[in-house]
Structures are given as C-alpha cells and as structure tokens.
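Read through the structure below, which is laid out as structure tokens, and then see the notes.
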Amino acid sequence: MSKTITITGGGLTGLSLAIALRKNGVAVALHEAGNYPRHRVCGEFISGVSRETLEILGIADSLADAQLHRSVTWFSGNNHLRDNLLPEPALAISRLLLDDRLQKTATAIGVDLHTGSRRKINPHAPGEIWTAGRKPAKGGWIGLKAHIRGISPKAQLEMHSGPRGYLGVTPVEDGWHNVCGLFRIDKSIDARHEDLLPAYLTENGNTELAHRIAAAEWREGSFTAVAGFALGLQSPTPGVLSLGDSHAIIPPFTGNGMTMAFQSTETAFPHLIAYANGTLTWPAACAAIQHQLAKRFAKRLTSAKLLHPLLFHTAAKPLLKHAPLRPILSLIR
Ligand SMILES: Cc1cc2nc3c(=O)[nH]c(=O)nc-3n(C[C@H](O)[C@H](O)[C@H](O)COP(=O)(O)OP(=O)(O)OC[C@H]3O[C@@H](n4cnc5c(N)ncnc54)[C@H](O)[C@@H]3O)c2cc1C
C-alpha cells in the first residue's frame, strides 16, 4: 500500500499535484483554507506552459477551451508604445473557472479534498507538502484584479505601465476582461475596494484606461486585492517542502507564475510517487525536488528580477519600446 501525501493549499500547484499523484495511484489528502469557486488576484494569462506538461499532469482537458492570445500591445501612461506577436499563443482562462474545474477533477478521481481547512505548517513531517502560496512579507506591493465587460479594448492583450506599476487587460471567458495590476503601495491614495483600481491607474498616469474601467460593467464579486508579499524566492522554512508561489514568485509581468505552478508539480511528482511507493526516503525525495526546482527556475527568476525594475523607469522607456521581445521572453521561461 502506498503512503499518503498530504498537501496544504489548493491553488494551482496543490490541485495539479493532487491530480497528478492520484492519477498515478497515490493516496492524497488536500487541505484548502477557502472554498471553490472563487476569484483570485491573477492576470489569468498563462505564458510558456507546454501542452506536454499539461498532459503529463492530467489537466489538459481543463484548459482545452482556454482562449488563445497571439499579440500584445504595450502602453506607457496613455501612450501607445509597441505591438508584438507572442512567440507562441498564451492561454487565458479565469481562476474562477480553472480552479473549480481542477477541484472537481480531483474529487472525481478520489483526492480527499477538505475545503475550509486552514492548516499549520508542520516541519519535518514525511509526506507533507506546502503549496499555500505567497508567504507573508514586507514587499511594498499591492495586486488588484477585477473582471470587467464593455471595456472597449484597444488590442487583443493590453499591457499598461507607469512609474508605480503595471496592469494587463486580458479577455477571458463569456465576454469578460480580466484587469489585473501590480503597483507599489501608495499610502496617499484615498480609495477603497473597487475604487482602488482606477485610483492606482490614475496615479500611475494611465488615466485613459482608468476612465474606460470606471465606465465598464464590473462582474459581481470579482474584485480582489492582495498585499504583504515579496517577489522572488520566498524565505524557506527548514524541513518543509514548498512548491509553487510558496517556493518562489516570479514578477507577474512574465505571465509565467501559473506555468511555474504546473512545472513545480511536473518536477516534484515522480519523486513523490517514489516516496509513496517506498522506493525513496522522504529526505531523499525532498533533496531531489529542491535541487531540480533550483535548476529549473534559477535563470528565469534572476532574469525577471533584473528586468522588473525597468518597467517602472521612464529612462528605460526606449528599451521597452525597441527591445526585441523574443530573446527577452526566452529569458523568463
Ligand atoms: C498581481 C498578480 C498578477 C498575476 N498575474 C499572473 C498572470 O497573468 N499569469 C500567471 O501565470 N501568473 C500570474 N500571477 C501569479 C499566479 O497567480 C501564481 O503564481 C499562482 O496562483 C501560484 O499558484 P499556487 O497554487 O502556488 O498559489 P495560490 O494560487 O496562491 O494558492 C495557494 C492556496 O493555498 C491556500 N492556503 C493558504 N494558506 C493555507 C493554509 N494555511 N491552509 C490551507 N490552505 C491554505 C489559499 O487559500 C490558496 O488557495 C499573478 C500574481 C499576482 C500577485
């Protein structure tokens, strides 16, 4: 009989890991603090994931009808900067839909899913995996997201930048556009809840977009916000195997965070199967996974960290306007 794997955190990393393990005969318990379906702060634009990865994990069906976006248009303030074809189409689907589909798949194949179950970190416990997302930290960032309809799009995908941050506009399903941005926290902004989005855009010089958003239809319950996190490698807890955002957060402009969630699972699950079947000890499985994660993600985390500040600098605008997109994208995948 195989050993049980216990996963804490039912976002994309936890759900995809639970499904991949269960499809390979491993007993899995998954604890999620919240419930499904729910909106999450995310640009809902998936860049750089291969079909092969999704198929290996057994989750390709859940993304089969995701929208495919082939081009992106950049704006700085209210000014058009450039149009680019993406090297390969990016997938777009709301987390409301995707996480819910994955939790239904997980339940249907026998994952022991506990929603409304907030667990404590349990160091050195064999078979326990931490996929609970961003670790609380002083990062100075705020992430804001909503679904909006009737926004009069200017392009297939829009990226708007300014000195305080950036925001993407991405069509998802049913005529809704995801608007999601990352901004440096500005305590002087006197706005609350949904009003934060147009307020941050205005402060960032994206006034034309702020007006479009304020005039559009907002999807009920879709506004979400998150603060109190840091980008990059998260501070590790000794004796804990952390995957996905709880291991490392790539800056959101890359559209690669969800890809990293899936690729973390792809890297980890063969070792976890070996542990569950008794052919690998827990410390050996953890060491192999941590080594491979570091190798797989080092280049893109470093490149994204170096590129990220350029998005905010007016002096770097010519670079944003003229730099070749393909080689840059290859650095952050
Ligand atoms: C502003 C912003 C925009 C982004 N845009 C994009 C984008 O366009 N494309 C992209 O690919 N990525 C984007 N990302 C990143 C992407 O959302 C994450 O990389 C991805 O969600 C990571 O998945 P995860 O499962 O590791 O973490 P999460 O999705 O955060 O899931 C963690 C889960 O753990 C649960 N949890 C937390 N604590 C506990 C506990 N103690 N017990 C039980 N459960 C717990 C939470 O409720 C949550 O469901 C963006 C991020 C931000 C901040």
Please give the solvent-accessible surface of THR4 in Å², to the nearest 10, using a probe radius of 1.4 Å with every protein chain present. 70 Å²
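Measure off, as a whole percent, the carbon and sulfur share of the 1.4 Å-probe accessible area of segment 4-85, all protein chains present. Show your work: numbers first, answer last.
Numbers: 1370 of 3050 Å².
Carbon plus sulfur share of accessible area: 45 percent.
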Reachable lysines from LYS138, criterion Cα separation under 27 angstrom, eight or more residues apart if same chain: LYS120, LYS187, LYS295, LYS299, LYS305
Give the lysines reachable from LYS3 as a straight Cα distance under 17 Å; neighbours fewer than 8 places away on the same chain don't count. LYS23
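Kindly report the accessible area of segment 151-271 per residue (heavy atoms of protein chains, probe 1.4 Å, no ligands, DNA or RNA), in Å². Don't skip to the end; give the middle numbers.
Values: 4610 Å² over 121 residues.
Averaged over the residues of segment 151-271, the accessible area is 38 Å².
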Where the accessible area of segment 251-290 is counted over protein heavy atoms with a 1.4 Å probe, how much of it, in %, is carbon and sulfur? 67 percent
Shape call for the chain, from the Cα gyration tensor axes a ≥ b ≥ c (a/c under 1.5 means rounded, otherwise prolate when a/b beats b/c, else oblate), comes out prolate
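The values are calculated or read from the model by the stated rules, or taken from the named source; none is laboratory data. Every value quoted in this text rests on a predicted model; they were computed, and no experiment measured them. The protein model used for the area step is the full one, side chains on, heavy atoms only, and it has no ligands, DNA or RNA in it. Shrake-Rupley method; radii C 1.70, N 1.55, O 1.52, S 1.80 Å.
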